[in-house]
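Heads up: the structure comes next, in structure tokens.
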Amino acid sequence: MDASFFTQNRKKLAKQLPAESTLILFAGQAPYKSADERYPFTPNRNFYYLTGINRPNIILVMKKTESSLDETLFIEKADPVMEKWVGAILTQDEAKNRSGIKSISYLENFESSLSRTFFAESIKSIYLDLERREWSEGAAKAFSFAKHIQDHYPHLTIENAYPLITEMRVIKTDEEVQKIKEAINITKEGIYNVLRHAKSGLLENELEAHFDFVLKSSGVKDFAFHTILASGKNATVLHYEENDSMINEGNLVLLDLGAQKDYYNADISFTFPADGKFSSRQKEFYNIVLKALKETTSLIKPGLKFAELNERTKSILAEECIQLGLIKKEAELSNYYYHGVSHFLGLDTHDVGSYKDRVLEPGMVLTIEPGLYIEEEGIGIRIEDDILVTENGYENLSKDIIRSVEEIEAFMAENKS
């Protein structure tokens, strides 16, 4: 992404802000893991979406009046001693070039700059990213800053910028879709490398390493999420992440994984037989899930209610499972399928945006991921594609990944290492 993408995002957001308001966003900081070691840093995605900056301890301030929009980035000042330990930090020129913001100042000036603004100008409201998903979760920087504002400037109103930014992120530009495609292509190659090395008798994490190798060799710095590589009964646990069990003969292996390209994610689920051949029972269930994937995807078009996707998936799965004798009535399907079929995809794997009363629009990227999880038979199957909603229907961004039983068996037979 070049600076024009982030500049355009700020302009779109500014149109939604009232005059006499100030937006303040924080890049974030990696928390300490233990002693002097920190967890790896990753930027707050809303901050990144507006700035293109992926460094910690940086603040974006946007001030809107009736006649102007002023933008400033506050960055850290270089410390030559620390740079010998951790490398060079972001310079003013780099910040300008990446973000398209011309006014760059240092963090030491942040509070005094705001004080002058609040005293001399008619600012009425402060917009902060106040995302909070759980009552008990740790408070982000924006929350402590909101309290600071309320204590020192009680005449100012605190507003939440989170829903404004996240609704913008629901609709992807061509540049964003291209990044997702790149992430999917790398993910595809990682999956194929897993298939080449798959066999019973390996530990799950031994097989996982072949996916990791492709991603690291492709320059991927972070994964979309912690890889799920689950064999046999483990695959019936939706978010199984231990990946440390032995893969036994006859097991199916369920992959749920993705590469991340410039912070844009792929999210692919793929199920295959460890030794290259589906049993007849496994094949029956696999084909049910594949049918649900194809028929649910075929519904996608602008104007479709988001909720209809999962209703269609459940209808197909229930009908087929009744025919196989797995269940007797549709209500029993929840014993074997217990998640939604779709979510948004983008800068976050479970990307932001409200689903309430949502209808599909061109530019949305979403997953379709039906599954069946039959614990008593040790069979867990999920198949997932990443789909772009277009003006006339949809584009399957992951269409090049093999899916059918015949394709998977043929690939594994021909590509054993």
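The values are calculated or read from the model by the stated rules, or taken from the named source; none is laboratory data. Predicted, not measured: the structure shown is a model, and the values here were computed from it. Please note: Cβ atoms are built from the backbone with ideal geometry, for glycine as well, and neighbour counts cover all protein chains shown. To get the accessible areas, we keep the full protein, side chains included, count just its heavy atoms, and leave off ligands, DNA and RNA. Shrake-Rupley method; radii C 1.70, N 1.55, O 1.52, S 1.80 Å.
Odds and ends about this structure:
- Qualifying residue in region 355-368 (condition: of a type in the set (Gly, Ala, Ser) and surrounded by 13 or more Cβ atoms within 10 Å (Cβ to Cβ)): yes
- For residue 330: the one exception among (1) touching a helix residue (DSSP H, G or I) at 6+ places or on another chain (Cβ under 6 Å); (2) open to solvent by 80 Å² or more (accessible area, probe 1.4 Å); (3) closer than 28 Å to residue 42 by Cα; (4) not aromatic (Phe, Trp, Tyr): (3)
- Remark: pairs (first residue in region 27-38, among the basic types (Lys, Arg); second residue open to solvent by less than 90 Å² (accessible area, probe 1.4 Å); Cβ separation under 7 Å; 6+ apart in sequence or on different chains) = 38/30; 38/31.
- Checking each residue in region 130-144 for being open to solvent by 20 Å² or more (accessible area, probe 1.4 Å), of a type outside the set (S, T, N, Q) and either within 25 Å of residue 90 (Cα to Cα) or at pLDDT below 90 (or both) picks out 132, 133, 134, 135, 137, 138, 139, 140, 141.
- Looking across 266, 224, 259, 230, one residue alone is over 30 Å from residue 2 (Cβ atoms) and either small (Gly, Ala, Ser) or touching a helix residue (DSSP H, G or I) at 6+ places or on another chain (Cβ under 9 Å) (or both). It is 230.
- Screening region 1-119 for strands (runs of 3 or more DSSP E) wholly inside it with 2 or more residues that are surrounded by 15 or more Cβ atoms within 10 Å (Cβ to Cβ) returns the ranges 21-26, 59-64, 69-75, 103-106.
- Residue list for region 136-162, restricted to those being outside any loop (DSSP other than H, G, I, E, B), free of Cβ contacts under 8 Å to residues at least 40 places away in the same chain and of a type in the set (Phe, Trp, Tyr): 143
- Pairing residues of region 297-318 that are open to solvent by less than 40 Å² (accessible area, probe 1.4 Å) with residues that are polar (S, T, N, Q), at Cβ distances under 6 Å and at least 6 apart in sequence or on separate chains, gives 309/296; 309/342; 313/296.
- Hits in region 219-240 (condition: under 17 Å from residue 378 (Cα atoms), open to solvent by 40 Å² or more (accessible area, probe 1.4 Å) and under 21 Å from the mean Cα position of the chain (by Cα)): 237, 238, 239
- Test: residue 346 is farther than 22 Å from residue 286 by Cβ and open to solvent by 10 Å² or more (accessible area, probe 1.4 Å): no
- Tally, over region 241-275, of residues that are open to solvent by 10 Å² or more (accessible area, probe 1.4 Å) and more than 18 Å from the chain's Cα centre (by Cα): 9
- Pairs are defined by a Cβ separation below 8 Å, a sequence spacing of at least 6 or placement on different chains, a first member in region 189-212 that is buried (at least 18 other Cβ atoms within 10 Å of the Cβ), and a second member that is modelled with pLDDT of 95 or more and of a type in the set (Lys, Arg); the pairs so defined are 210/196.
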